[in-house]
1. Would you list 102, 24 from fewest to most Cβ contacts within 10 Å?
2. Specify the residue with the greatest mean-square fluctuation among 41, 55, 80, computed from a Gaussian network of the chain linking alpha-carbon atoms under 10 Å apart.
3. Where the only charges are on Cβ atoms (+1 Lys, Arg; -1 Asp, Glu), what is the dipole of the chain about its Cα centre, to the nearest 20 debye?
4. Determine, for each peptide in 57-68, 86-97, the mean count of other beta carbons within 10 angstrom over its residues, then list the peptides with the highest first.
5. Can you give me the three principal axis dimensions of segment 12-82 from its C-alpha atoms, in Å, biggest first?
6. Towards the positive end of the charge dipole of the chain, with charges on Cβ (+1 Lys, Arg; -1 Asp, Glu), say which of 106, 67, 52 has the farthest Cα.
7. Take residue 65 and residue 105, extend 7 Å from each Cα along the Cα→Cβ direction, and tell me the distance between the two endpoints in nm.
8. Nearest-5 percent of antiparallel DSSP beta bridges in the chain?
Amino acid sequence: MTRIMRIKKGDLVVVIAGDDKGKTGKVKEVLRRRGKVIIEGVNVVKKAQRAQKAGGQSGIVDKEMPVDLSNVALFDGKSGKGTRIRMGLSKEKKKVRVGIKTQTVFD
């Protein structure tokens, strides 16, 4: 089951729940089928990694793990907080994402 995705790759988001609450970052990847996003510098864990080939790099590496979509909100520059978004129409009659409180257009 896929969810309606209102967050895209490259968006600036803020984490609203969990261990990393309050952190902001850029979306690196959207995992549509799982309903999760990977955010730069958020939910970083240490993973032990084997060498991929002879002479390759191995050891403990930092890896960004996915965060559920319900735990992130789009960052609104006007208010300086996370915002809920709805779909609206631009002046050119195109579908755009609009912030609820400040009416900021995100596309």
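Where a number appears in this text, it was derived from the coordinates with a stated rule and is not lab data. All values derive from a computational prediction rather than experimental measurement. So basically every Cβ, Gly included, is an ideal-geometry build from the backbone, and we count neighbours across all protein chains shown.
1. Starting with the residue having the fewest Cβ neighbours, the order is 102, 24.
2. 55
3. In debye, rounded to 20, the chain gives about 460.
4. 57-68, 86-97
5. Cα extents, longest axis first: 51, 24, 19 Å.
6. In the chain, that residue is 106.
7. Those two pseudo-labels are separated by 4.0 nm.
8. Of those bridges, close to 100 percent are antiparallel.
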